[in-house]
């Protein structure tokens, strides 16, 4: 029996090893995420927040590609009627494309959960392949310890607390399966692998896997670019030491750098249709750059890596208050490496000195990067954040510039680095480095042992890893779509829905849209775009900020005019989403004043829905233009928006004859503001007002009555701010 088994073709035996690894990760995924397996068609894993945004992503990709035959990166279903681009939204189109057959055949819930399975199974399998290759480079002789050590390394990576924490709803982050595939092909190409594909093929395939990683999450591309730079420098230094002549040094450096360059070229070519408009947007606008305070809030403390798994079944919820980052969401600070993984990684450093040192250096570098612009060993509290409290942060265009940590230096000098926000996610590269080290360490420990000992020790190591990572039963969220939206779907219409409250973004509205399929006036995307009307139009501004913006207008008087002009058909108040306080009081009162004397179309204990009716006589109002306006700044009762040095547009709607524009403003010394007509003619020049001033400028409508919108421009000669805009009517 033994001799016959040994005579089987090696390819067949290798095939069974791969099938066993895939099957093992599938089985362990179903166990570790229980009750995921029995809720596959009824719920999604997670806390029911960001998960619904990703659920919507799958729905929209199918709608765009199958039903509309259009790019999924532009949509008019959100922020209707202007629409919005989704280049800086966490669209993760890879998941939408790969699960499209499942969605078409079985629906959205199975499609979402299929993406979860792909991530966990392929994540473990990719790490399994990477560590097997690393072990083969260390010792090319067949060794039963290699697949066992590689399987444990895959489990360390795919069942890591980092991965399990982002299952709460961050589909783009949990889709981390392509990173080890990229690293495997990149490193193999850099070492001029002679087995299988030649180095050019390996490098090209690495670029393909980098593109897949980018289609899941752009953070991954940033991480892998930096890892690639580290690998090139590391191997380049080694190549220089081995070369004896200048020509030899150049050849060796080229041999190291060319595979990385080829992989980057393939990646750029494959994703150029997406990258080109993203780069153009990032060069012209800064809305995708988050306030610098986020870099501190979402950084890691050293203790976050060393405390036990915060989401462990036996430790939560008390573990959420353990030392480490005290202010970031749990999903962003659950980055424990695991003691079993650290023990095995230590064995690698003890037993091996070649490849283990590189992976240890990588782990250390990414620990420092995950700690952000200021290094913390212990807890991070609000006292450690510039400004001290939320809302008192520096502006988005002033990221941390006084720190000298590795992250701060990259943030200062690396193009587009400032777009990234969740600093602690660099811990993913720490986990992959430690998993590689653990695989090397376990293989060294198992070398020379019998097959039975290898299996026993491997099972013990695997059990230790899984015991630390145990999070079952994992929270799950069934869809909570109110029945009203199902009724609405049965009465299709062209108009949009305005969901209230809207003082901050709620992904539940995206879930409901997958049922009623109407456009949304306001929505939840990953980077708020100030060009949308939510920040520019009165009434929407009032609901957004629970109070006035700089436009001086009565929202109750102009409410029906504004909503009708925006194509809003229904306004739906959801009391479950505003349990009390100013949020509920202001939102409910303003909606009641807009629809005074009008009975709701629908009402139950949770929802109240009104139909928007066009007024008999439209009321005049003005809207801020899409460009040139800074974010709303509130200081007590005072409100202001910065303008300059470029133009700031505004649009006047339903302007009657003999109306005038009131402008309250403040400028830097010597700075004036020109008010320009649509044809560029100067209507007025506002003199410098360092202490503030107010002027009224007479206007003439385009047709002497309530006609087409009138577009005006404020052109400051320097820094200025507007504190009030209003219309003086005859």
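The values are calculated or read from the model by the stated rules, or taken from the named source; none is laboratory data. From a predicted model like this one, the values you see are computed outputs, not experimental measurements. Cβ sites come from the backbone with ideal geometry, for glycine too, and all protein chains shown count toward neighbours.
General observations
- For region 567-645, the strands (runs of 3 or more DSSP E) that sit wholly inside it and include 2 or more residues that are surrounded by 16 or more Cβ atoms within 10 Å (Cβ to Cβ) are 568-574, 607-611, 621-624, 638-643.
Residue-by-condition table, conditions (1) out of contact with any strand residue (DSSP E or B) (no Cβ under 6 Å at 6 or more places or on another chain); (2) over 30 Å from residue 34 (Cβ atoms); (3) modelled with pLDDT under 95:
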position: 265; (1), (2), (3): yes, yes, no
position: 280; (1), (2), (3): yes, yes, yes
position: 287; (1), (2), (3): yes, yes, yes
position: 290; (1), (2), (3): yes, yes, yes
position: 308; (1), (2), (3): yes, no, no
position: 321; (1), (2), (3): yes, no, yes
position: 337; (1), (2), (3): yes, no, no
position: 340; (1), (2), (3): yes, no, no
position: 347; (1), (2), (3): yes, yes, yes
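- Among the numbered conditions (1) at pLDDT 95 or above; (2) in the same structural domain as residue 39 (by TED's automatic domain parsing), the only one that residue 474 does not meet is (2).
- Residue check: residue 581 meets all listed conditions (1) in the same structural domain as residue 488 (by TED's automatic domain parsing); (2) under 25 Å from residue 80 (Cα atoms) but one, namely (2).
- Hits in region 422-457 (condition: in a loop (DSSP other than H, G, I, E, B) and either closer than 12 Å to residue 154 by Cα or in contact (Cβ under 8 Å) with a residue 40 or more places away in the chain (or both)): 422, 447, 449
- Qualifying residue in region 671-681 (condition: under 31 Å from the mean Cα position of the chain (by Cα) and part of a strand (DSSP E or B)): no
- Single match in 30, 109, 19 (criterion: closer than 27 Å to residue 332 by Cα and either crowded, with 22+ Cβ neighbours inside 10 Å or without any contact (Cβ under 8 Å) to a residue 40 or more places away in the chain (or both)): 30
- Residue tally, condition crowded, with 22+ Cβ neighbours inside 10 Å and farther than 21 Å from residue 303 by Cα, over region 419-443: 7
- Given (1) at pLDDT 95 or above; (2) assigned to a loop (DSSP other than H, G, I, E, B); (3) exposed (fewer than 15 other Cβ atoms within 10 Å of the Cβ), number of the condition residue 460 does not satisfy: (2)
- Looking across region 313-328, the residues that are free of Cβ contacts under 8 Å to residues at least 40 places away in the same chain and in a loop (DSSP other than H, G, I, E, B) come down to 315, 316, 317, 322.
- Here 362, 393 are screened, and the one residue that is at pLDDT below 95 and not assigned by TED's automatic domain parsing to the domain that holds residue 229 is 393.
- Just one residue in the set 84, 102, 66 is over 27 Å from residue 157 (Cα atoms), in the same structural domain as residue 164 (by TED's automatic domain parsing) and crowded, with 17+ Cβ neighbours inside 10 Å; that residue is 84.
- Just one of (1) buried (at least 20 other Cβ atoms within 10 Å of the Cβ); (2) at pLDDT below 95 fails for residue 504. It is (1).
- Selection of region 539-549 for residues being surrounded by 20 or more Cβ atoms within 10 Å (Cβ to Cβ) and out of contact with any helix residue (DSSP H, G or I) (no Cβ under 6 Å at 6 or more places or on another chain) yields 541, 543.
- Qualifying residue in region 341-354 (condition: under 18 Å from the mean Cα position of the chain (by Cα), assigned to a helix (DSSP H, G or I) and surrounded by 22 or more Cβ atoms within 10 Å (Cβ to Cβ)): no
- Selection from region 469-489 of residues that are touching a residue at least 40 places away in the same chain (Cβ under 8 Å) and closer than 24 Å to residue 576 by Cα: 475, 476, 477, 478, 479, 480, 482, 484, 487, 488
- Between 294, 304, the distinction of being in contact with a strand residue (DSSP E or B) (Cβ under 6 Å, 6 or more places away or on another chain), assigned by TED's automatic domain parsing to the domain that holds residue 357 and closer than 21 Å to residue 370 by Cα belongs to 304 only.
- Some residue of region 525-539 being more than 24 Å from the chain's Cα centre (by Cα), modelled with pLDDT under 95 and not assigned by TED's automatic domain parsing to the domain that holds residue 281: yes
- Helices (runs of 4 or more DSSP H) contained entirely in region 126-188, each with at least 3 residues that are in contact with a strand residue (DSSP E or B) (Cβ under 8 Å, 6 or more places away or on another chain) and without any contact (Cβ under 8 Å) to a residue 40 or more places away in the chain: none
- Evaluation of residue 542 against (1) within 29 Å of the chain's Cα centre (by Cα); (2) modelled with pLDDT under 95; (3) closer than 24 Å to residue 637 by Cα (one fails), failing number: (2)
- Of all residues in region 280-312 being free of Cβ contacts under 8 Å to residues at least 60 places away in the same chain and part of a helix (DSSP H, G or I), the one that is surrounded by the fewest Cβ atoms within 10 Å (Cβ to Cβ): 284
- Of the candidates 241, 247, 202, the single residue that is under 22 Å from residue 127 (Cβ atoms), modelled with pLDDT under 95 and in the same structural domain as residue 276 (by TED's automatic domain parsing) is 202.
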